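Below is one structure, written out as structure tokens; the observations come after it.
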Amino acid sequence: MSVRTQSSEQPAEAVHRAGFACFVGRPNAGKSTLTNALVGQKVAITSNRPQTTRHTVRGIVHRPDAQLVLVDTPGLHKPRTLLGERLNDVVRTTWAEVDVIGFCLPADQKIGPGDRFIAKELAGIKKTPKIAVVTKTDLVDSKALAEQLIAVDQLGKELGITWQEIVPVSATAGKQVDLLADLLIPLMPEGPALYPEGDLTDEPEQVMVAELIREAALEGVRDELPHSIAVVVEEMLPREDRPADKPLLDIHANLYIERSSQKGIVIGPKGKRLKDVGIKSRKQIEALLGTPVFLDLHVKVAKDWQRDPKQLRRLGF
Ligand SMILES: Nc1nc2c(ncn2[C@@H]2O[C@H](COP(=O)(O)OP(=O)(O)OP(=O)(O)O)[C@@H](O)[C@H]2O)c(=O)[nH]1
Ligand SMILES: [Mg+2]
């Protein structure tokens, strides 16, 4: 087996490469955190709640000799709702289109049924090269890591998957993240850049803003609530009558939940939780857009939206 543990200099190539790599793995495996670490900026929201990512997010890594487009996908899981089915469809469509698949498995958890379920599907995709990425290596000691690397190697052998590489990384500690990019790039086809220089994502601003609000709202809520939250930015407009050196962007957003009984939890006593979510996300939005923001955030009920095709469409799924 070939396990990469240190940086290896790639020979200078005259060709330019550009292509797509996607990260798959079960919910919470660390796909979005890894995407952000590779891009060097937050393009995808993350949380310790499963199914944080709900659509494909493209993050772009620029190198002099290559452009690597990372497609972060929702965690693949056993669907319980129509939303869950849609998310899985998104993942399967994506891996049919990319040049390489990075299968993410957390170092701190034994390979389980959820991982096997995905691995079996990957085994069926013969034409696309696959790299196994063992994530969150900062959480384990070297012995546990070695065992996990062996387990991943064996999983491949058992299911007939050839891992091009097995790469241990820590996205939060920044360990081996650049190495992973070095290993992905040679698997990209030759070709010119796909995105303008400097673009780090193709996410529309309005979507990124909604995601930052959802990320703040996910913090501290438990049980089913994370799944019930959806955020839609209705309007983003520069405030009129502001002096040029003191602009203000008005953002109107709705935070949807599924049942009126969830309202109290999201809003909190005397509105404190919602206020905190507003303050926290506003700071992030201001950093993203580089302008002061007035965030007008309302909580609304979209009854059982996760199971309702009409509502799903309205919420952008
Ligand atoms: N210690 C440590 N924690 C990590 C690392 N990478 C991710 N995490 C944490 O793991 C949790 C899940 O990370 P995400 O990146 O949101 O996971 P994901 O695979 O995108 O999850 P879904 O979008 O729900 O499928 C978050 O709390 C992260 O902070 C890492 O390298 N080390
Ligand atoms: Mg994610």
Practice problem: Quick one: which residue in Pro79, Pro64, Pro50 is more than 16 Å from ligand 2 (Cβ to nearest atom) and at pLDDT below 90? | Solution: Pro79
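Using the structure shown, decide if Lys283 is within 26 Å of Gly84 (Cβ to Cβ) and either part of a helix (DSSP H, G or I) or in contact (Cβ under 8 Å) with a residue 12 or more places away in the chain (or both).
Values: within 26 Å of Gly84 (Cβ to Cβ): no; either part of a helix (DSSP H, G or I) or in contact (Cβ under 8 Å) with a residue 12 or more places away in the chain (or both): yes.
In short, no.
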Quiz item: Before we move on, is Thr56 under 18 Å from Pro27 (Cβ atoms), surrounded by fewer than 23 Cβ atoms within 10 Å (Cβ to Cβ) and either touching a Pro at 6+ places or on another chain (Cβ under 8 Å) or not assigned by TED's automatic domain parsing to the domain that holds Arg222 (or both)?
Solution: yes
Exercise. Out of Ala107, Ala96, report the one residue that is among the small types (Gly, Ala, Ser), over 17 Å from the mean Cα position of the chain (by Cα) and crowded, with 21+ Cβ neighbours inside 10 Å.
Key: Ala107
Quiz item: Filter region 219-247 for residues that are open to solvent by 30 Å² or more (accessible area, probe 1.4 Å) and touching a Ser or Thr at 6+ places or on another chain (Cβ under 9 Å); which is farthest from Trp305 (Cα to Cα)?
Solution: Pro247
Practice problem: Return the only residue of Ala210, Ala253 being in a helix (DSSP H, G or I), at pLDDT 95 or above, within 19 Å of Leu312 (Cα to Cα) and not assigned by TED's automatic domain parsing to the domain that holds Arg63. | Solution: Ala210
Quiz item: Among all residue pairs at least 6 apart or on different chains, which show Cβ distances below 6 Å where the first residue, located in region 168-189, is open to solvent by 30 Å² or more (accessible area, probe 1.4 Å) and the second is within 14 Å of ligand 1 (Cβ to nearest atom) and not in a loop (DSSP other than H, G, I, E, B)?
Solution: Ala173/Asp138
Practice problem: Return the pairs, sorted by first residue and then second, in which the second residue is within 8 Å of ligand 1 (Cβ to nearest atom) and open to solvent by 20 Å² or more (accessible area, probe 1.4 Å), the first residue lies in region 29-40 and is farther than 17 Å from Val134 by Cβ, the beta carbons are less than 9 Å apart, and the residues are 6+ apart or on different chains. | Solution: Asn36/Thr46; Asn36/Ala171
Practice problem: Kindly list the number of the only condition in (1) free of Cβ contacts under 8 Å to residues at least 40 places away in the same chain; (2) part of a strand (DSSP E or B) that fails for Thr128. | Solution: (2)
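Go through region 11-76 and tell me which strands (runs of 3 or more DSSP E), entirely inside it, have 2 or more residues that are basic (Lys, Arg).
Values: elements: 17-24, 57-63, 66-72.
Correct list: 57-63.
I'm trying to understand the selection: among the residues of region 43-65, which are within 15 Å of Asp178 (Cα to Cα) and near ligand 1 (Cβ under 7 Å from one of its atoms)? Reasoning before the result, please.
Let us first name the residues in region 43-65 that are within 15 Å of Asp178 (Cα to Cα), namely 59-65.
Result: no residue meets the conditions.
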Quiz item: Hey, among the residues in region 13-31 that are farther than 18 Å from Asp178 by Cβ and within 11 Å of ligand 2 (Cβ to nearest atom), which one's most open to solvent (accessible area, probe 1.4 Å)?
Solution: Asn28
Quiz item: Assuming Glu240 fulfils every condition listed in (1) in contact with a strand residue (DSSP E or B) (Cβ under 7 Å, 6 or more places away or on another chain); (2) over 15 Å from Leu218 (Cα atoms) apart from one, which condition is it?
Solution: (1)
Self-check item: Among the residues listed as Glu203, Glu165, the single one being open to solvent by less than 50 Å² (accessible area, probe 1.4 Å), touching a Ser or Thr at 6+ places or on another chain (Cβ under 7 Å) and not in a helix (DSSP H, G or I)
Solution: Glu165
Self-check item: Residue selected from region 190-200 under the condition modelled with pLDDT of 95 or more and small (Gly, Ala, Ser), by the criterion least open to solvent (accessible area, probe 1.4 Å)
Solution: Gly191
Quiz item: If you take the residues of region 268-288 that are under 13 Å from Glu215 (Cα atoms) and charged (D, E, K, R), which of them is most open to solvent (accessible area, probe 1.4 Å)?
Solution: Lys283
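The values are calculated or read from the model by the stated rules, or taken from the named source; none is laboratory data. Everything quoted here is computed from the prediction, not taken from an experiment. Methodologically, a virtual Cβ is constructed for each residue, glycine included, from the backbone with ideal geometry; neighbour enumeration extends over all protein chains shown. Ligands, DNA and RNA are stripped out before the accessible areas are found, and what is left, the full protein with its side chains, is counted by its heavy atoms. Shrake-Rupley method; radii C 1.70, N 1.55, O 1.52, S 1.80 Å.
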